Amino acid sequence: MVDKNDIIYRKPSWLQRNVKFMYIAALLVTLPSWLWISWITLNEQAHKDLNQKVYDDLSLFADSLNSELEKYRFIPKVLMLDASLVAQVSNPSLATAGSQPNQHLQHIRQATNADEVFVINATGTTIDSTNLDNVGNRYEDSPFYSSAKAGGSGGFFTLGLYAGIRGYYFSEPLFEPETDEVVGVIVVKVNMARLERNWLNKATPMLITDEYGVVIASSIPSWLFTTRSPLTEIQKQHIRASSKYPMVSFPLLQTQVHKNTPYGQIVSLPKAGFKRVLEVTKRMPELNWTIYGQGDLVAAKKSVYQGVAISSLLWALLLSLAYVVTQRRLQLLETLDRREVNQNRLQQAKDQLETRVAERTKALQQSNQELKQTQQELIHSAKLAALGQLATSVTHEINQPLTAIMASADNAEQWLARSQPEKAQEKLVQIKHLAHKMGLITAHLKTFGRKTDDKTEWVCPQTALDNALSLLQPRISQEGVETILEDMSCIQVMANDVRLEQVFINLLTNALDAMHKSPRKLLRIYFQRNSPNKLKKATIYVTDTGSGIDSEHLQHLFDPFFSTKDVGVGLGLGLTISYSIIKTMGGELSAENSAEGAVFAIQLQARNRH
């Protein structure tokens, strides 16, 4: 049986019951497809990036190679204008005997960092060279000689005919100045190893093939003078005719093409560590060369694997995030539904709580008002009690003027009876003076005895002290108490003047009681400013030479009904009420012992009196 106050929640929806199953199913179905798509996309991007990297390296090397070749190509163009070389080939008798190289050519070789500089005469024979072993060698069939002999510029790569060193030969014709006939050829040779030295340290393996497909430079020395494909008979005939190489048969570089891609061929090369590479080519048409660069697919595959793993992880995280968001959303909807079901009960509880709070607040305000009224009555009662204690001394003060008034009145009657009005007038003046004195006493008692509120304002503490001393003066005089008073007329404090006077009366009365049996009775009142520049607070001290306060009584001195006087002498509320009055005025009342007696300190907000 369901209680009418029981909350019946809405049953979970189909989505709430099956959201976890849907998440697992989506993960199992979409993750393999995502893996495949990621693999295809990242693999293609890796090939593209690798192609770009290899091609950039090839372009950089090609530019560097062209720049280096152009530097050496310029040397024979300058030397062809050298008249001494022209004279040397024109007049064989001027040629060196062959025992010492031409110092002029040697200087040119050293200055240009070339491998060899030599001069060939019109018959194709070397007549002078920086390498003495080359003198006398014949080059009439060499392409660089044939090109220069025909009056053009020669540039030709070959495996040295005599030294067997790979080199690039630059040649220019030497013209007879008078007939413009080619009388010789100046040749500058550069070692190919010098041209490729900046390439060997590259991370990308490279090789260069000539117009016949022969490998003329490679980062792997064992590949030199191999071919990418078998040479045809026509190609072999051209090689024999040009004497480019001392042989026409070259071993085949074993390569296997696995796949052609838009970004290069995937091939296998005969070297450990490069079983499968991405091969990129770049043509150098001005030299009729082709540069091949091989990109490491293993490193590229690693990045693809990492990318696929990260992509798959991100996809799984995305699905998980969607699952968590959906689950949280469903939980939120369920929470909102429950909140709606409970809202009426919560509102009812809120209304009941507000009603109770309002009632409690009203009761507390009423109790606070009653407490405040009781406190006001207590302060006023303490004030009346102080007046009662002063009644005897005040009565004595009033009694003397009354006796004098009566005596003066009798004398005035006698002087009037004797018809001496001027004498009677003198007595009337005395009576008026005495009556005025009594009026001041009773007026001050009336002012002190009236009820006051707790409103504070800027008042002079000296006025309140003078009023308190005037009420206590008869007792002070009667008991022979010496007073030392510091004038406080220069300051004002934030206080209620009547209540401050009440505090002074309580403190002075306690001081007189404490000095009742003391051999020396000295009452001292002074003040101190807390700031020498601009006054913010002031402390008024009331000291006596009484018996002092026991140390164990100091912490209870301001507690209600605590008193060190004999039973029947006071209720123990004077200091409590004084403490409360000073607190209400925003100040502090404290007590301590001195070497001679007790010291009470009143600290109030203060300012200089204008």
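The values are calculated or read from the model by the stated rules, or taken from the named source; none is laboratory data. What you see is a predicted model; the values in this text were computed from it and never measured. Cβ placement follows ideal geometry from the backbone for every residue including glycine, while neighbour counts extend to all protein chains displayed.
Points worth noting:
- In the range 574-610, the qualifying residues are those that are part of a loop (DSSP other than H, G, I, E, B) and in contact with a strand residue (DSSP E or B) (Cβ under 9 Å, 6 or more places away or on another chain), and the one that is nearest to S547 (Cα to Cα) is G597.
- The range 477-501 residues that are among the small types (G, A, S), paired with ones that are assigned to a helix (DSSP H, G or I) (beta carbon under 6 Å, 6 or more apart): S489/Q462
- Residues satisfying the stated conditions in the range 113-128, i.e. touching a Gly at 6+ places or on another chain (Cβ under 9 Å) and in contact (Cβ under 8 Å) with a residue 60 or more places away in the chain: D115, E116, V119, I120, N121, A122
- Of the residues contained in the range 491-504, one or more are found to be within 30 Å of I549 (Cα to Cα), among the β-branched types (V, I, T) and at pLDDT below 85.
- Any hit, the range 519-526, residues being at pLDDT 80 or above, under 60 Å from the mean Cα position of the chain (by Cα) and of a type outside the set (V, I, T): yes
- Filtered residues of the range 306-321 (kept if surrounded by 14 or more Cβ atoms within 10 Å (Cβ to Cβ) and either touching a Pro at 6+ places or on another chain (Cβ under 8 Å) or not β-branched (V, I, T) (or both)): G307, S311, S312, W315, A316, L319
- The range 162-182 - residue that is part of a loop (DSSP other than H, G, I, E, B) and not hydroxyl-bearing (S, T, Y) and, of those, modelled with the lowest pLDDT: A163
- Matching residues, the range 19-59, being within 30 Å of K189 (Cα to Cα) and surrounded by fewer than 14 Cβ atoms within 10 Å (Cβ to Cβ): D56, S59
- Residue match in the range 267-288 (condition: more than 55 Å from the chain's Cα centre (by Cα) and among the aliphatic types (A, V, I, L, M)): yes
- Condition check for L314: under 30 Å from L50 (Cα atoms), at pLDDT 75 or above, out of contact with any strand residue (DSSP E or B) (no Cβ under 9 Å at 6 or more places or on another chain) and not assigned by TED's automatic domain parsing to the domain that holds S580: yes
Condition check ((1) over 29 Å from L319 (Cβ atoms); (2) at pLDDT 85 or above) across all residues:
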{"residue": "K4", "(1), (2)": "yes, no"}
{"residue": "I8", "(1), (2)": "yes, no"}
{"residue": "L15", "(1), (2)": "no, no"}
{"residue": "L27", "(1), (2)": "no, no"}
{"residue": "N51", "(1), (2)": "yes, yes"}
{"residue": "S59", "(1), (2)": "yes, yes"}
{"residue": "L65", "(1), (2)": "yes, no"}
{"residue": "E70", "(1), (2)": "yes, no"}
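- Single residue of the range 237-266 satisfying the filter (among the hydrophobic types (A, V, I, L, M, F, W, C) and over 60 Å from the mean Cα position of the chain (by Cα)) that is farthest from Q52 (Cα to Cα): A241
- The numbered conditions (1) crowded, with 17+ Cβ neighbours inside 10 Å; (2) more than 60 Å from the chain's Cα centre (by Cα); (3) within 21 Å of L589 (Cα to Cα); (4) not β-branched (V, I, T) are all true for R499 except (2).
- Among the residues of this structure, Q294 counts as one that is in contact with a Pro (Cβ under 6 Å, 6 or more places away or on another chain), closer than 23 Å to A46 by Cα and part of a strand (DSSP E or B).
- Counted residues, the range 297-338 - those being farther than 27 Å from K20 by Cβ and polar (S, T, N, Q): 2
- Checked against (1) under 30 Å from I24 (Cβ atoms); (2) of a type outside the set (A, V, I, L, M, F, W, C); (3) buried (at least 17 other Cβ atoms within 10 Å of the Cβ), Q327 passes all but a single condition, namely (3).
- In the range 200-266, counting only strands (runs of 3 or more DSSP E) that sit wholly within it, the ones holding 3 or more residues that are in contact with a strand residue (DSSP E or B) (Cβ under 6 Å, 6 or more places away or on another chain), assigned by TED's automatic domain parsing to the domain that holds P285 and touching a residue at least 40 places away in the same chain (Cβ under 8 Å) span 206-209.
- Single unsatisfied condition, K301 versus (1) of a type in the set (D, E, K, R); (2) touching a residue at least 60 places away in the same chain (Cβ under 8 Å); (3) part of a strand (DSSP E or B): (3)
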